[in-house]
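The values are calculated or read from the model by the stated rules, or taken from the named source; none is laboratory data. Note that the structure is predicted; figures quoted are calculated from it, not measured. Here Cβ is always computed from backbone atoms with ideal geometry, including for glycine, and neighbour counts include all displayed protein chains. Areas reflect the complete protein model, heavy atoms only, side chains present, ligands, DNA and RNA absent. Shrake-Rupley method; radii C 1.70, N 1.55, O 1.52, S 1.80 Å.
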Amino acid sequence: MQKVDVYVREVGLRDGLQIHPVFMPTETKLAWIQAEAAAGVSEIEVTSYVPARVVPQFVDAETVTVEALKIKGLTVSALIPNYRGAERGIELGAHKLNFVMSVSKTHNLKNVRREREESLADFVRIVELVRSQPAQTRPVLVGGLATAFGCSYEGRVPVADVVKYAVAFAEAGAQEIVVPDTVGYADPQQVRTVFKAVIDAVGSIPVAAHFHDTRGIGLANVTAALDCGVRRFDASLAGMGGCPFAPGATGNIVMDDLCFMLESMGLKTGVDLAQLLAIREMVRASLPDIEMHGALARAGFPKHFDKPGRRQLVSELV
């Protein structure tokens, strides 16, 4: 099995599709998941357990989850907004449940219609529910802190608030913490400040990053997070996505560009880039009107990128 230096999680099936008005056929979603798993993406956030009346794109959440779980070696994760979402995830057997609340008071009210302390109380109940499951089927529980770098309603979010809720997640029993830049407000200096503070506060719990490329500095923010020791990143194929309850939110960082940058830096992702680029065409054929981004897809690979020894040379240089 290939050694991996940085773990990338595909969130396009959830974050990438949630604001698109045209439903992607279930069979296309499953083909996308299968293809990315075959390309070496080891974890995919395949859906969200929100009511279909709220986000119709996820009306097939059960089928997508059940079929994705049949793919050998794939970690199947899903977003949960509340206790009921956790119950669904456990019933279906998802490997990882990504609970999300917003550090911004206003955005949390808009997104999940609750005060932040209510969200935390719900998370504590979810931890109890997860811990009551048999050890061999117990999902990994992740705490996500949306709008950690800024909010379309409130502007800059205090670092102290981010740390406060990260610590609350850790103390409640989160096994991983994700720090998202939901609307693309972050800059590399702010990323270093926030991640250093969170990592120092939560100890040994893994901390992941989730960046959006709203203002074109998403990959710069990745390098800043790498400087802090972060080795887990969310991204979306072709940079699709955005939060429907955050005005001005645009796509995630581009999975293909992220993997290319990391590999160019000598950091192994385990992802076959040529296969990843081919999957874009599958998505485009299904949703020809969806906005797709990506510098690598536009420019192609630089000369000699895949020649033997190149990554070893780069690794020695860094």
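Excluding same-chain residues fewer than 8 positions from K72, which lysines have a Cα within less than 26 Å of its Cα?
K3, K29, K96, K268
Near the amide H of A209, under 5 Å away, which other amide H atoms are found, from residues 5 or more places off or on another chain, if H is placed in the peptide plane?
For A209, the qualifying residues are V179, R232, F233, D234.
Based on DSSP H runs of at least 4 residues, each adding -39500 (n - 2.57), what is the mean residue ellipticity at 222 nm of the chain after dividing by all its residues, to the nearest 500 deg cm²/dmol?
Estimated from H runs of four or more residues: -12500 deg cm²/dmol.
Expressed as a whole percentage, what fraction of the accessible surface of the chain belongs to carbon and sulfur atoms when a 1.4 Å probe is rolled over the protein heavy atoms?
Working: 7070 of 13390 Å².
Heavy-atom surface of the chain belonging to carbon and sulfur, 1.4 Å probe: 53 percent.
Just how many % of Cα pairs in the range 94-146 lie over 14 Å apart, if you round to the nearest whole percent?
On the way: 729 of 1378 pairs.
Taking all Cα-Cα pairs of the range 94-146, the fraction more than 14 Å apart is 53 percent.
Give, as ranges by residue number, the residues of the range 179-193 whose backbone N falls under 16 Å from the point 7 Å along Cα→Cβ of R215.
In the range 179-193, the label zone of R215 (backbone N under 16 Å from the point 7 Å along Cα→Cβ) covers 181-193.
Leaving out ligands and nucleic acids, note down the accessible area per residue over the chain with a 1.4 angstrom probe, in whole Å².
42 Å²
Please list the three semi-axes, largest first and in whole Å, of the ellipsoid equivalent to the chain, using sqrt of 5 times the eigenvalues of its alpha carbon gyration tensor.
Largest first, the chain gives 28, 23, 20 Å.
Using a basic spin-label model with each label point 7 Å from the Cα along Cα→Cβ, how many nm lie between E91 and V4?
Computed distance between label sites E91 and V4 equals 3.0 nm.
With all protein chains present and a 1.4 Å probe, how do M282, M292 order by accessible area, largest first?
Per-residue accessible area, sorted high to low, gives M282, M292.
Below 8 Å, C-alpha to C-alpha, sequence gap of six or more: please give me the relative contact order for the chain in percent.
Result for the chain is 20 percent.
For the range 38-188, rounded, prolate or oblate, judged on the Cα gyration tensor with a ≥ b ≥ c (square roots of eigenvalues), a/c < 1.5 rounded, else prolate if a/b > b/c?
Since a/c reaches 1.5 and a/b is larger than b/c, the shape of the range 38-188 is classed as prolate.
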